[in-house]
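The values are calculated or read from the model by the stated rules, or taken from the named source; none is laboratory data. Here the structure is a predicted model, which means the values were calculated and not measured. As a convention, Cβ positions derive from the backbone with ideal geometry for all residues, glycine included, and neighbour counts pool all protein chains shown. Remember, those area values only see protein heavy atoms, side chains included, never the ligands or the DNA or RNA. Shrake-Rupley method; radii C 1.70, N 1.55, O 1.52, S 1.80 Å.
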Amino acid sequence: QVQLVESGGGLVQAGGSLRLSCAASGRTLSTHSMAWFRQAPGKEREFVAAITWSGSTYYADSVKGRFTISRDNAKNTVYLQMNSLKPDDTAVYYCAATRRRGVVITTRGIYDYWGQGTQVTVSS
């Protein structure tokens, strides 16, 4: 079992930055691919960014060039650096983990473990 706890959310003005953290316990993250998803009110949970166990990264088109996902296996933590934030980025952000291989990393259904989410609100 893997327990995931997100932190770092908050209220920020448009154009600002936030860094989200996802701390894992229970198992080492080094063998897991990790991702961030987000869900705005009334919308489906959507893919934001992912980093595979081998270090490859993937981004949704809407955040490419503004967000950066990274991992620190020694700290068992994954980060999401969010720059140039827009009001449309407002959502609850969730961290997710999977040990599966050979899967489409951007697909919500392949993730076995989820955090409780952290709220990000971007004001205009």
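Taking the condition closer than 22 Å to residue 10 by Cβ and either assigned to a loop (DSSP other than H, G, I, E, B) or modelled with pLDDT of 95 or more (or both), does residue 101 pass? No. Residue count for segment 56-104, restricted to those that are over 18 Å from residue 2 (Cα atoms), of a type in the set (A, V, I, L, M) and open to solvent by less than 60 Å² (accessible area, probe 1.4 Å): 9. Select from segment 8-32 the residues that are assigned to a strand (DSSP E or B) and over 11 Å from the mean Cα position of the chain (by Cα) and write down the one among them that is farthest from residue 79 (Cα to Cα). Applying the filter and picking the extreme gives 13.
Of all residues in segment 80-124, those satisfying the criterion of being β-branched (Val, Ile, Thr) and touching a strand residue (DSSP E or B) at 6+ places or on another chain (Cβ under 9 Å) are 90, 92, 98, 103, 105, 106, 107, 110, 118, 120, 121, 122. The set of residues from segment 55-79 being farther than 21 Å from residue 103 by Cβ, among the hydrophobic types (A, V, I, L, M, F, W, C) and part of a strand (DSSP E or B) comprises just one member, 67. Inspect segment 35-46 for any residue being in a strand (DSSP E or B) and out of contact with any Phe, Trp or Tyr (no Cβ under 8 Å at 6 or more places or on another chain) and give the result as yes or no. No, segment 35-46 contains no residue that is in a strand (DSSP E or B) and out of contact with any Phe, Trp or Tyr (no Cβ under 8 Å at 6 or more places or on another chain).
Is there a residue in segment 107-115 that is open to solvent by less than 30 Å² (accessible area, probe 1.4 Å), not hydroxyl-bearing (Ser, Thr, Tyr) and not in a loop (DSSP other than H, G, I, E, B)? Yes: segment 107-115 contains one or more residues that are open to solvent by less than 30 Å² (accessible area, probe 1.4 Å), not hydroxyl-bearing (Ser, Thr, Tyr) and not in a loop (DSSP other than H, G, I, E, B). Considering segment 3-45, and only residues there that are within 15 Å of residue 112 (Cα to Cα) and among the aliphatic types (A, V, I, L, M), the residue that is most open to solvent (accessible area, probe 1.4 Å) turns out to be 5.
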